[in-house]
Amino acid sequence: DTAVSQTPKYLVTQMGNDKSIKCEQNLGHDTMYWYKQDSKKFLKIMFSYNNKELIINETVPNRFSPKSPDKAHLNLHINSLELGDSAVYFCASSPQPGHYGYTFGSGTRLTVV
Amino acid sequence: AQSVTQLDSQVPVFEEAPVELRCNYSSSVSVYLFWYVQYPNQGLQLLLKYLSGSTLVKGINGFEAEFNKSQTSFHLRKPSVHISDTAEYFCAASFNAGKSTFGDGTTLTVKP
């Protein structure tokens, strides 16, 4: 039973389209995150939710909108996709914010053509 | 500014040799430190963490790391590597509640 699951695993789409990535965790954690990993494997945090409340919102274009319907789910919606959005997006969770290690999902590889 | 620096972008090593992957951090506040491993086309997996207490922490797969406050380092070590240890390794730090900052990664390549 996968602890943090993301769907889809691969996503190929055209510029200008809108797409969503879904994430679910069954660990009972309170905190969930979205990270972006670029082609050089650099990881950068995008958003974090704690018990459905947004607690981290880094400098990300407002075309990216997270949504947490409950503490087990964190989705990422992207409007008007651009070539530069191509990356691997990772969802992660932790028991609480900050001083715990993360459990990561397997990633969603987004390719914008 | 608070940051994490991995000193080596690539580390090639022969099988059964020891390895050290270096990580330094910069912080004026308390810090919590982590090492993660990422195998090709997979997510990151937590190897070990330092929160407090003993400065030598042991993790999975035979890895260990030592927290050195005076040198602001948290180097990862393994006495004998296997081919299967070939992966990307990330050092991360939590400087305040809410997020971890990741280093740029070190590619460990174990050669037969």
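The values are calculated or read from the model by the stated rules, or taken from the named source; none is laboratory data. Since we're looking at a predicted model, the values are computed, not measured. Neighbour counts are summed over all protein chains in view; Cβ atoms, including those assigned to glycine, are modelled from backbone coordinates with ideal geometry. When the accessible area is computed, the model is the full protein with side chains, heavy atoms only, and any ligands, DNA or RNA have been set aside. Shrake-Rupley method; radii C 1.70, N 1.55, O 1.52, S 1.80 Å.
Of note:
- Residue list for segment A:45-57, restricted to those being touching an Asp or Glu at 6+ places or on another chain (Cβ under 7 Å), in a strand (DSSP E or B) and open to solvent by 30 Å² or more (accessible area, probe 1.4 Å): A:N50
- Scanning segment B:42-58 for residues being open to solvent by 30 Å² or more (accessible area, probe 1.4 Å) and farther than 27 Å from A:K9 by Cα gives a total of 8.
- Annotation: A:V60 fulfils all but one of (1) surrounded by 15 or more Cβ atoms within 10 Å (Cβ to Cβ); (2) under 23 Å from B:G105 (Cβ atoms); (3) touching a Leu at 6+ places or on another chain (Cβ under 8 Å); the unmet one is (3).
Condition check ((1) within 11 Å of another protein chain (Cβ to nearest Cβ); (2) over 13 Å from the mean Cα position of the chain (by Cα); (3) more than 27 Å from A:D38 (Cβ to Cβ); (4) assigned to a strand (DSSP E or B)) across all residues:
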position: B:H75; (1), (2), (3), (4): no, no, no, yes
position: B:E88; (1), (2), (3), (4): yes, no, no, yes
position: B:A93; (1), (2), (3), (4): yes, no, no, yes
position: B:D104; (1), (2), (3), (4): yes, no, no, no
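- All of (1) in a strand (DSSP E or B); (2) more than 14 Å from chain A (Cβ to nearest Cβ) hold for B:S80 with one exception: (1).
- Near pairs, Cβ below 7 angstrom, 6+ apart or cross-chain, from segment B:25-38 (more than 9 Å from every other protein chain (Cβ to nearest Cβ)) to any residue that is assigned to a loop (DSSP other than H, G, I, E, B) and open to solvent by 50 Å² or more (accessible area, probe 1.4 Å): B:S26/B:A1; B:S26/B:Q2; B:S27/B:Q2; B:V29/B:N96
- Note on segment A:63-113: among residues that are assigned to a strand (DSSP E or B) and without any contact (Cβ under 8 Å) to a residue 40 or more places away in the chain, the one that is nearest to A:G28 (Cα to Cα) is A:D70.
Residue-by-condition table, conditions (1) out of contact with any Asp or Glu (no Cβ under 9 Å at 6 or more places or on another chain); (2) over 30 Å from A:Y49 (Cβ atoms); (3) buried (at least 17 other Cβ atoms within 10 Å of the Cβ):
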position: B:F14; (1), (2), (3): yes, yes, no
position: B:V31; (1), (2), (3): yes, no, yes
position: B:P40; (1), (2), (3): no, no, no
position: B:T72; (1), (2), (3): yes, yes, no
position: B:T86; (1), (2), (3): yes, yes, yes
position: B:Y89; (1), (2), (3): yes, no, yes
position: B:A92; (1), (2), (3): yes, no, yes
position: B:F95; (1), (2), (3): yes, no, yes
position: B:S100; (1), (2), (3): yes, no, yes
